[in-house]
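> This is the structure I have questions about; it appears just below.
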Amino acid sequence: MPLTPVLTKRFGANAPWLLDNYVKLDGYAGLRKALTMQPDELIALVKDSNLRGRGGAGFPTGMKWQFIPQAKPGEAAKPHYVVVNADEGEPGTCRDLPLMMNDPHSMIEGIIIACYAVRAQHAFVYIRGEAVHAIRRVTQAVNEAYAKGYLGDNVLGSGLRFDMTVHAGAGAYICGEETALLDSLEGKRGQPRLKPPFPATNGLYDAPTVVNNVGTLASVPYIVLGGAAWHKQMGPDGSPGTSIYSLSGRVANPGQYEAPMGTTLRELLEMAGGMSRGKPLKFWTPGGSSTPLFTAEHLDVPLDFDEVAKSGSMNGTSAVMVFDSDDSVVQAVLKWTQFYEHESCGKCTPCREGNYWTAQILERIWHGQGTLADLDVLLDVSDNILGRSFCALGDGATSCITSSIQYFRDEYLALIEKNPNSGVQPHPPALTGAPA
């Protein structure tokens, strides 16, 4: 499939992050059209487009907007909020930050349209604290939008008011989970909430709240202008539209590649110039480190929410990390597990204790001190984390462990053989790239 610039069509233009330049490139035309429609019409349009959330879960956006309860005649309405999850912290993921740096007004325009659709007056953009450059860029864009009448009182003569607050997080990966993000916005420690109730009814400040990803909201103005049918022309029926695939690792030209949903890794590698060192592909992640690993046999799996799931993984954040034959799967899994151990918020025992133990076991195996029983323990601990942790961080942390043992058990055994007391009979060949 060819590159299909939609969200990235302004990348490389003359400073598209400046409002005047953005307007010259059809900026805020979607908002002008949206304000001529009724809020429920907008929700129906987004629902009909089948836009699915680009933050990882792939939940239908229009359905999420429709869940926001509207006050009945005579009832006192609670305030409604739109919250933008820009806490991009998944290892390998790099698409929201380039979008906010190159084209922040597309996100802002989508946010205002979302506010109008769900009858919200205030939106919050929660950006990962380490991304100081993006925080400054988005803050500048918000200030420009206020100055030009796209935010504040009487937006574009509509008589409506919309406000937007840019909030810098403190660098906690857990705040990528929507309810932990909401707690952090409220000034509390970032930890996931028990669900139900869900944010749609009891979100920020216990009020109805829509939580959407940067790319999801940036897609909305294009759908308003182009229509649902236009959006569904790209990609498969179940996952229409485009996706920004973040390619990193052993590729000749790593970066962001926007293509229709359902593009395969084989096609993405062709776009990126192939493998960087001429070595064969060994393993890769279709959606970041929290998704089960794929191997060379999955080169032609369409990368969309449904097909990736059928093949045993998740599309996630479309963070494609590529590894070749010289890379150790055990080392990669160890580094990811140490990340999850460090980032666990500690609220639930399975994630807090389980990631601690899996990290210790993997480190022991990597340094040639593992035993045959360690593999069974790794799988048993992972099984006790999966489905039993408070949020998806625990579940995601087990994905790389279980899938790597499924596909590369021999590589674990080769490292375990280095321990004379491992209980494994040595057999060649030794693992390439293993520590001496």
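The values are calculated or read from the model by the stated rules, or taken from the named source; none is laboratory data. Keep in mind it's a predicted model, so treat the numbers as computed, not measured. Positions of Cβ are backbone-derived with ideal geometry, glycine not excepted, and every protein chain shown enters the neighbour counts. For the accessible areas, the whole protein counts, side chains as well, though only heavy atoms, and no ligand, DNA or RNA atoms are used. Shrake-Rupley method; radii C 1.70, N 1.55, O 1.52, S 1.80 Å.
> Compute the helix-to-body angle for 104-118: its Cα long axis versus the longest principal axis of the chain, expressed 0 to 90° and rounded to tens.
70
> Can you list residues from other chains, or at least 5 along the same chain, whose modelled amide H is less than 5 Å from the amide H of D304?
Result for D304 returns G262.
> Got a sec to turn the phi values of region 132-139 into Karplus ³J(HN,Hα) couplings, 6.51 cos²θ - 1.76 cosθ + 1.60 with θ = phi - 60°, whole Hz, x for Gly and Pro?
4, 4, 6, 4, 5, 5, 5, 4
> Here's another thing I want to ask about it. Ranked highest first by average number of other Cβ atoms within 10 Å, how do 342-352, 272-282 line up?
Values: 342-352: 18.2, 272-282: 15.3.
Ranked from most to least packed, the peptides come out as 342-352, 272-282.
> Around G89, under 9 Å between beta carbons, what's the net of Lys plus Arg minus Asp minus Glu among the other residues? All intermediate terms of the calculation are to be shown ahead of the outcome.
Details: positive: R128; negative: D87, E88, E90, E130, E343.
Once all neighbours under 9 Å are counted, the net charge is -4.
> Go through region 269-280 residue by residue and turn each phi into a ³J(HN,Hα) via Karplus (6.51, -1.76, 1.60, θ = phi - 60°); whole Hz please, and just put x for glycine and proline.
Residue by residue, region 269-280 yields 5, 5, 5, 8, x, x, 6, 6, 10, x, 8, x Hz.
> Run down the lysines and flag those whose C-alpha is under 24 Å from the C-alpha of K279, throwing out any fewer than 8 positions away in its chain.
Once the sequence-local lysines are set aside, what remains near K279 is K335.
> At 1.4 Å probe size, with the rest of the protein present, what percent of the exposed accessible area of the chain is carbon and sulfur atoms? Display every interim value, and only then the final one.
Details: 9260 of 17530 Å².
Looking at the chain in its full context, I get 53 percent from C and S.
> Please determine, in degrees from 0 to 90 and to the nearest 10, the orientation of helix 392-416 with respect to the longest principal axis defined by the Cα atoms of the chain, where the helix direction is its Cα long axis.
Rounded to the nearest ten degrees, it is 20.
> Quick one: what are the phi-derived ³J(HN,Hα) couplings along region 54-69, Karplus 6.51/-1.76/1.60 with θ = phi - 60°, whole Hz, x for glycine and proline?
Residue by residue, region 54-69 yields 8, x, x, 7, x, 6, x, 5, x, 5, 4, 5, 5, 5, 5, x Hz.
> Another question, if that's okay. Sort 56-68, 196-208 for me by packing, meaning the mean count of neighbouring Cβ atoms within 10 Å per residue, highest on top.
Values: 56-68: 19.4, 196-208: 17.2.
Per-residue Cβ counts within 10 Å, averaged per peptide and sorted highest first, yield 56-68, 196-208.
> Let a ≥ b ≥ c be the square roots of the eigenvalues of the Cα gyration tensor of region 81-121; is it rounded (a/c under 1.5), or, if not, prolate (a/b larger than b/c) or oblate? All intermediate terms of the calculation are to be shown ahead of the outcome.
Working: a/c = 4.15, a/b = 1.85, b/c = 2.25.
It comes out oblate by the Cα gyration axes.
> Here is a follow-up. Which values of log₁₀ I(q)/I(0), to two decimal places, follow from the Debye formula for region 86-178 at q = 0.20, 0.22, 0.24 Å⁻¹ with a uniform point scatterer at every Cα?
-0.95, -1.09, -1.23
> In nanometres, what is the gap between the two model label sites at R136 and L299, each 7 Å from Cα along Cα-to-Cβ?
4.3
> How many angstrom lie between the Cα centre of region 1-72 and the Cα centre of region 157-205?
20
> In addition: Can you list the residues of region 384-414 with backbone N under 15 Å from a point 7 Å past the Cα of W357, pointing along Cα to Cβ?
Of the residues in region 384-414, 384-389, 398 have backbone N under 15 Å from the label point off W357.
> Which whole-number percentage describes the relative contact order of region 70-196, with Cα contacts under 8 Å and a sequence gap of 6 or more? List each step's numbers first, then the result.
Working: 187 pairs, mean separation 31.7, N = 127.
It rounds to 25 percent for region 70-196.
> Antiparallel DSSP bridges in the chain: what percent, to the nearest 5?
That works out to approximately 40 percent antiparallel.
> Aspartates and glutamates near K232 by alpha-carbon distance under 12 Å, same-chain residues fewer than 8 away left out - which ones?
D48
> Oh, and also: Report, in deg cm²/dmol and to the nearest 500, the calculated mean residue ellipticity at 222 nm for the chain, where each DSSP H run with n ≥ 4 adds -39500 (n - 2.57) and the sum is divided by the residue count. Provide the component values of the computation, followed by the final result.
Working: 17 runs with 182 residues, N = 436.
Rounded to the nearest 500, it is -12500 deg cm²/dmol.
> Angle check, please: helix 39-49 long axis (alpha carbons) against the longest principal axis of the chain (alpha carbons), in degrees 0 to 90, nearest 10.
40
> Where Rh is the Kirkwood radius over the Cα pairs of region 258-360, the temperature 37 °C and the viscosity 0.692 mPa s, what D in µm²/s does Stokes-Einstein return? Present the calculation step by step, with values, prior to reporting the outcome.
Numbers: Rh = 14.8 Å.
It diffuses with D of about 221 µm²/s by this estimate.
> Can I ask one more? Once the principal axes of the Cα atoms of region 1-112 are found, what is the range along each, listed largest first in whole angstroms?
Sorted from largest, the Cα extents of region 1-112 read 51, 35, 28 Å.
> Pull up all non-local amide H partners of T165: gap of 5 or more, or a different chain, and H-to-H distance under 5 Å with H placed in the peptide plane.
Distant-sequence amide H within range of T165: A123, F124, V125.
> Here's another thing I want to ask about it. Can you give me the C-alpha center-to-center distance between region 208-258 and region 282-320, rounded to a whole angstrom?
Centre-to-centre (Cα) distance: 17 Å.
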